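Report on one structure; see the data block that follows.
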Amino acid sequence: MRLKTAFAATLLLAVTASFPAASEDLRYCDHGKQLSRQRQHAEPIRYFNHCIQAGQLSAPSMVSALLKRGKSLALTQQLDYAIRDFTAAIQYAPNSAAAYHNRGVAYAKASRMDEALVDLSKAIQLAPQEPSSYLGRAVIYKARGDEKLAANDAAIAKRLAQGG
């Protein structure tokens, strides 16, 4: 009987170590981030759901969690949900270039090019030194046949990527 009790206690410790208490929301977010870095995309969503839905995150932590979950959602082709998360991140942090950039990319993947251009332009306005939004906007301009605007944004992205 003592062996069963010891085994049960060990099992309980193992389970609680891998699934932290609800009050430790950041640990769920951190685990989701770790899984994301390992190029797993579906599994982190569950962890981000937990820490976001608990509602105990500071505004910066909430923005970070929404951006990370949004990226995972976009990578699993759940574009409407990804756009929703990026929009929520913008509501928390209206000057977040990353939120506008990511929502712009999600809009582009969803073939919502007008909205993608607006968001990528806003990301450029907020962070003019970041090449990725220029490059994203260049791709959209090129697809629309506006070679001059595409070439201009591509040149800016290249210059910035090279440190200029």
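The values are calculated or read from the model by the stated rules, or taken from the named source; none is laboratory data. All values reported here derive from a predicted model rather than from experimental measurement. Glycine gets a Cβ as well: all are built from the backbone with ideal geometry, and neighbour counts include every protein chain shown. Protein only, heavy atoms only, side chains kept; ligands, DNA and RNA dropped before computing areas. Shrake-Rupley method; radii C 1.70, N 1.55, O 1.52, S 1.80 Å.
Table for the structure above
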quantity: Pairs where the first residue, in segment 114-130, is in contact (Cβ under 8 Å) with a residue 12 or more places away in the chain and the second is assigned to a loop (DSSP other than H, G, I, E, B), C-beta under 6 Å, 6+ apart; calculated: Leu126/Asn95
quantity: Residue match in segment 136-150 (condition: surrounded by 20 or more Cβ atoms within 10 Å (Cβ to Cβ) and under 19 Å from the mean Cα position of the chain (by Cα)); calculated: yes
quantity: Which numbered condition Cys51 misses (of (1) more than 20 Å from Ser36 (Cβ to Cβ); (2) assigned to a helix (DSSP H, G or I); (3) touching an Asp or Glu at 6+ places or on another chain (Cβ under 6 Å)); calculated: (1)
quantity: Residues located in segment 16-53, provided they are open to solvent by 40 Å² or more (accessible area, probe 1.4 Å) and at pLDDT 80 or above; calculated: Arg46, Asn49, His50, Gln53
quantity: Which listed residue, of Asp80, Asp85, Asp114, is within 26 Å of Phe48 (Cβ to Cβ), at pLDDT 95 or above and open to solvent by 70 Å² or more (accessible area, probe 1.4 Å); calculated: Asp80
